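Every read-out reported here was derived from the displayed coordinates using simple, explicitly stated rules and does not represent laboratory data. All figures in this text were calculated on a predicted structure; none of them were measured in a lab. For neighbour counting, all protein chains shown are included, and Cβ atoms are generated from backbone atoms with ideal geometry for every residue, glycine included.
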Amino acid sequence: MSETPTIPTHDVVIIGAGPAALTAAIYTTREDIQTVLYERGVIGGLAAVTDMIDNYPGFAKGIEGLTLAQNLQEQAERFGAVIELGEVTKITDEGHFKRLKTTDGDVRAKAVLIATGSDYKKIGVPGEQEYYARGVHYCATCDGAFYRDKRLVVVGGGNSAIQEAMFLTRFASHIDLLVRSTIKASDVLQHDLDKFVQDGKITIHLGTTTDEIIGEKTEGGTGAKVVKVRGTKDGQKVDFPTDGVFVFVGLSPNSQFLQTSEIKLDEIGFVITDDHMQTHMPGVFAAGDIRCGATMQIASAAGEGATAALKIREFLENRPHPVQN
């Protein structure tokens, strides 16, 4: 008779390898807690594809997103964290252990940290992907300072779009706000927005779709830059000259693999946790942008990763030993 293959078992499996996940791994591995991370995309998450990060503590002159991601990875690996490039597709509660279905086969873990983050919702128009991080952005606090005295286009009409547009007036000379239908932000934000409109800092274009982001080659032909946004209003094509485009149409949590699990999600799809960062499945925790209530900042994601790691350590210390048959 052939023997049943042994399923690899780990102390902690972390799903994702962004700032929250890598920070948690630094803490767990320093406590000699054997830790494996599974990342399906880019190590470092959204931080790794951000040109320059100016609001992460400790870097007075800012730091390139890719550099920060590499530093976090190297630090976690220095303490013994193992990063696997693969995807977790299911989590099952087997009592003493959690079983994770991955693209490399099943593994078991004493504890699990979900840190898959979120992704910016895209508008799906030509030029959006081509000029991503090179004129098209999704984070005003991350990239707004690059556009001092420049003209910008902001796409969106909800709370986040209005808040970010007003924030961007600190840098930009003028902002064209493109709203597909009507502004859906709160009354308070709309009142605040009126002040910027009256000052000539923001021009609102209601009923305006964003159809294409257009660029041109830079001097010397070594690159390209965004020069205008083409939209449609009242059935007519209209162009908005700009130096950059900021899109704020919401965030999509990377929680698709949890849709059929016992782990509870909110109505949008973010993971619900208690005050100890633990989900409704005992031994499964969540941290960073995937967690309901997260602030969607790199610094706070790192902080949540550290907190989750400490809570995981407490869980493992208090975890009862399995009953021997």
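The C-alpha atoms of the chain define a longest principal axis, and helix 65-78 lies at about 10 degrees to it. Scalar couplings 3J(HN,Hα) for region 257-266, obtained by applying the Karplus form with A = 6.51, B = -1.76, C = 1.60 to θ = phi - 60°, are 6, 9, 4, 9, 8, 7, 6, 7, 10, 7 Hz; x denotes Gly and Pro.
Under the rule of -39500 (n - 2.57) per DSSP H run of 4 or more residues, summed and divided by the residues of the chain, what mean residue ellipticity at 222 nm is obtained, to the nearest 500 deg cm²/dmol? Numbers along the way, then the final one.
Details: 7 runs with 77 residues, N = 325.
So the calculated ellipticity at 222 nm is -7000 deg cm²/dmol.
The loop-placed GluC sites (Glu not before Pro) in region 214-308, going by DSSP, that have at most 10 neighbouring Cβ atoms within 10 Å of their Cβ come out as GLU267.
Taking 4.7 Å between C-beta atoms as the pairing limit, the chain has these partnerless cysteines: CYS292. A cut-off of 5 Å between modelled amide H atoms, ignoring neighbours fewer than 5 places along the same chain, links THR102 with THR89, VAL107.
Annotation: region 1-122 has a Kirkwood hydrodynamic radius of 15.3 angstrom, from the mean reciprocal C-alpha pair distance. Determine Rg/Rh for region 57-142; Rg is computed over alpha-carbon atoms and Rh is the Kirkwood hydrodynamic estimate from the same atoms. Across region 57-142, the Cα-based Rg/Rh ratio is 1.07.
Backbone geometry of region 285-296 corresponds, through the Karplus equation with coefficients 6.51, -1.76 and 1.60 at θ = phi - 60°, to 3J(HN,Hα) couplings of 10, 9, 8, x, 5, 6, 7, 4, x, 5, 8, 6 Hz, x marking Gly and Pro. For PHE285, the residues whose amide H sits under 5 Å from its own are VAL112, LEU113, ILE114, THR279, ignoring neighbours fewer than 5 places away on the same chain, with H placed 1.01 Å from N.
Taking amide H as placed 1.01 Å from N in the peptide plane, the amide H of PHE246 sits under 5 Å from that of HIS137, VAL153, VAL154, VAL155, each at least 5 places away or on another chain. Highest mean packing comes first when the peptides 186-196, 81-91 are listed by Cβ atoms within 10 Å, giving 81-91, 186-196. The distance linking region 225-260 with region 57-118 is 30 Å (Cα centroid to Cα centroid, whole angstrom).
Taking a straight line from the alpha carbon of LYS98, these lysines sit under 22 Å away, with near neighbours fewer than eight places off in the same chain left out: LYS90, LYS110, LYS264, LYS311.
Take every DSSP beta bridge whose two residues both sit in the chain; close to 50 percent of them are antiparallel. Phi angles of region 42-50 translate, via the Karplus equation with coefficients 6.51, -1.76, 1.60 and θ = phi - 60°, into HN-Hα couplings of 9, 5, x, x, 4, 4, 5, 9, 9 Hz per residue; Gly and Pro are given as x. Annotation: region 122-247 has a Kirkwood hydrodynamic radius of 14.5 angstrom, from the mean reciprocal C-alpha pair distance. One quarter of the surface of the convex hull around the alpha-carbon atoms of the chain equals 21.3 nm², the direction-averaged projected area. Note on ASP149 and ARG170: the model spin-label points, each 7 Å out from Cα along the C-beta direction, lie 1.9 nm apart. Listed by chain and number, the lysines whose alpha-carbon sits under 25 Å from that of LYS122, ignoring those within fewer than 8 places in the same chain, are LYS150, LYS184, LYS217, LYS225, LYS228, LYS233, LYS237.
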